[in-house]
Amino acid sequence: MGDNNAKDDVENGGGFGLWTEQVEEAVSDVDRTMSFTRTYQQPPRHKVEEYPAMQTLLLAYQSLGVVYGDLGTSPVNVFSSTRLTNLTEEDLLGTLSLIIWTLTSLVLIKYVFIVLDANDHGEGGTFALYSYICRHINIRSKFSIRNTRLESDEDMTYYSRGSPLRTRTRKFLETNPTAQNFLTILVLLGTCMVIGDGALTPATCVLSALQGIQSRSSKITQDHVVWISVVLLVALFAFQHCGTSKVGFSFSPIMLLWFVTNVSIGTYNIIKYHPSILKAVSPHYIVKFFSRNTKTAWDLLGAVFLSITGAEAMFADLGHFNKRAIQLGFSFVVYPALILTYAGETAYLVKHPEKISDAYYSSLPDPVYWPMFVISTLAAVVASQSMISASFSIVKQSLTLGCFPRVNIIHTSSKHEGQVYSPEINYFLMILTVGLVVGFKGGVELANAYGVVVIWVMIITTFLTTLVMLVIWKTNILLVLGFFLPYMLIESIFMTSLLNKIPQGGWVPFAISAFFLIIMLSWTYGRSKKSAYEAERKMSTRELDEMLSSSNVYRTPGICFFFTDLVNGIPPIIRHYIQNTNSVRETMVIITVRTLPIKTVLPEERFNVGKLGLAGVYRCLVQFGYKDSQDMKEDAYVNSVMAKLQEHVDNMNEKQRIQSAAQKGIVFVIGRTILKANQGNGMLARFTIDYLYRFLQKNSRAAVSTLEIPPERTLQIGMLYEI
């Protein structure tokens, strides 16, 4: 035992802040060994929050600066990424028609009117979809993201009650561990892709915006653009610690100005160069384009797909606004502005096809070039900020669901829980982004890499949304097929075109995603093995009573808060602690912090307490949603637990004993467990546990880092788990 002084590999078997993922079919040990006191009335089931019309319009305006930065700046680099030569008017009409219908089908119809409905109480993104599904499917695979259920969970305000009906899909997923593992890996892959997008988006957007300056001066080389981009990007990442609200307070006006000016310029170009260009809205131009160009048209799909990069942010950033606001913002501002901007570029290219390598900036009238260059650069920063912030948020959600090593998460706003910052992730993204800019020097390869990461996120979203339709919405199978088959076909066609660009930069997102996926899978696997070890060797209430009743065990004065992440039962490290110290405080509270697959837990639902065995031993569940802050100061934490204990205890003598024990001193006991793979495991399993997981464990933050407790009142005990 020793003081908890440093950031080390504290792994609760005992640890604070994480809990095991095991699920038992029968009534849990918690429900068998203790009786939780409900400290709140049965809350009403959650209803969709209604917003006044003016507030919705205000949120729609604010969403322009947070949600649509990436999507809104796509006209800068779409045509320049096509590499088309010997252009004809028919080729340009076909390309424009492809862009229009890609925006319409994949963004307007799929995301705006279908996917946004598959939200988790207003939260969107890969993890929100997963948690939404998990509340209706009993995930029991040991490899899956932790999803321990208790009967009391369904009484919570934000916990959706699952349907008692078992569809074939639900029954298949609940009884097939392979399918559950596939679902877990799919969710983790989507998460890794979004994190990779956090590096690719700033690199692509800032470079594309700054490259426009080359059309005005032959003295400015690509190297100049690269290093200017590096300086701007380093400055952007350096200011992240200020918080999203301070960095992006002017984003919405910038993006509104961007859309308005682009609509004006696009309309001007249409009238001046080709007034009938909007006839490209007819999809027959797509058919003609493919029949005439075949292989070239298929290659072009990768560039066309860049017109919808950033669409995934509409769903990922849903929690910052609401569904109606995002629908209004896209349908009435972003969508028509993008159509007119692309149409204006195409009209200009009909007369000047040789300018396609720099289509956007070449199409700008001379008097507005420099103002638009400034606005474009600012809009690129907006686009970069949206995905950087999304990366911080998704890492925080990954942490709370136990599938990412612990890093420092700082809440930068007291008003908005979703505004977070992670120094470690920020610096890593900065190094990665600068490396991409310097390595690719702004070539088409970087745009190819950018498109590949987004298409995979969209495919995963399509798959998970289909599961929601089948399992939760109970949608007619014909309607489900009407959604799944067309969109999977369209996105697969785009994917095949983008995969063709793997040698030309498309390998980058796979490399980034593989790196993060190895980290997440290694961490999740190690946590699952640790959970299995504890589940097999956990103590029963009778065993604990016998140990505490022994004459060899001395009950010292005071209170002991023993942190454990085992929800169902008493972890073996408590047995290890008692056997090696022969003493326990007269009052011991075994505390488990749970992160539920819901967005938030109300304060009155935060603590559940109950008596465990002999007098003086209690169990306390501290429950958070994945969007809740788990930062708690020692005094606030102790006072909250003690208040719940006092509410639970009816016997006056017992209340007095608790009060007396609190006055005699409080000690916090945490555990440091080390995993070691036994020889019965395969080579890959041993390598994962002994090297990858242990490395991540040693270099991650301490599990009690979110609880501010004094080191002099903290005991740390160690135990080796040979699994």
Find which of 310, 332, 284 sits farthest along the positive direction of the dipole of the range 258-362, computed with +1 on the beta-carbon of Lys and Arg, -1 on that of Asp and Glu, about the Cα centre. 284
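Considering only the other residues whose Cβ falls under 14 Å of the Cβ of residue 687, what net charge follows from Lys and Arg at +1 and Asp and Glu at -1? Mind showing how you got there, number by number?
Working: positive: 529, 676, 686, 694; negative: 690.
It works out to a net charge of +3.
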Hey, rough spin-label estimate for residue 686 and residue 299, points 7 angstrom out along Cα→Cβ, what's it come to in nanometres? 5.0
Please give the solvent-accessible surface of residue 272 in Å², to the nearest 10, using a probe radius of 1.4 Å with every protein chain present. 120
If you count only protein heavy atoms and use a 1.4 Å probe, how large is the accessible surface of residue 481, to the nearest 10 Å²? 70
Per residue, what accessible area does the range 463-575 have, given a 1.4 Å probe and all protein chains present, in Å²? 39
Hey, rough spin-label estimate for residue 292 and residue 604, points 7 angstrom out along Cα→Cβ, what's it come to in nanometres? 6.8
Taking 0.36 nm per residue of separation and subtracting the Cα-Cα distance, what length does fully extending residue 545 through residue 652 add? 36.3 nm
Are any of the pairs 396/530; 441/698; 396/698; 171/396 more than 27 Å apart by Cα-Cα distance, and if so, which? 441/698; 171/396
Using mean Cβ contacts within 10 Å as the protection proxy, how do 563-573, 215-225 order, highest first? 563-573, 215-225
FRET efficiency for residue 239 and residue 582 from the Cβ-Cβ distance with R0 = 60 Å, rounded to 0.05, comes out at 0.65
Find how many whole Å separate the alpha carbon centroid of the range 101-127 from the alpha carbon centroid of the range 394-412. 25
Would you please give the FRET efficiency between residue 105 and residue 171, computed as 1/(1 + (r/R0)^6) with r the Cβ-Cβ distance and R0 = 35 Å, to the nearest 0.05? 0.60
At a probe radius of 1.4 Å, what is the per-residue accessible area of residue 227, in Å² to the nearest 10? 140
If you take the alpha carbon radius of gyration of the range 568-691 and divide it by 2.2 N^0.38 Å, what ratio comes out, to two decimals? 1.31
Gain upon complete extension [residue 635, residue 496; 0.36 nm per residue less C-alpha separation]: 44.3 nm
Evaluate the distance, in nm, between pseudo-label points positioned 7 Å from the Cα of residue 369 and of residue 674 along their respective Cα→Cβ axes. 6.6
Can you divide the C-alpha Rg of the range 485-586 by 2.2 N^0.38 Å and report the result to two decimal places? 2.00
Looking at this model, which pairs from 295/355; 272/351; 272/355; 611/644 are more than 19 angstrom apart at the alpha-carbon? 295/355
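By per-residue mean of other Cβ atoms within 10 Å, what is the highest-first order of 319-330, 358-369?
With the highest mean Cβ count within 10 Å placed first, the list reads 319-330, 358-369.
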On a C-alpha basis, how far is the centre of the range 285-334 from the centre of the range 429-486 in Å? Whole number, if you could? 11
Contour minus end-to-end for residue 256 and residue 504, with contour as 0.36 nm per residue of separation and end-to-end as the Cα-Cα distance? 85.8 nm
On the accessible surface of the range 267-343, probed at 1.4 Å, how many percent belong to carbon and sulfur atoms? 67
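The values are calculated or read from the model by the stated rules, or taken from the named source; none is laboratory data. As the structure is a prediction and not an experimental result, all values here were calculated from the model. We place every Cβ from the backbone using ideal geometry, glycine too, and count neighbours over all the protein chains shown. Remember, those area values only see protein heavy atoms, side chains included, never the ligands or the DNA or RNA. Shrake-Rupley method; radii C 1.70, N 1.55, O 1.52, S 1.80 Å.
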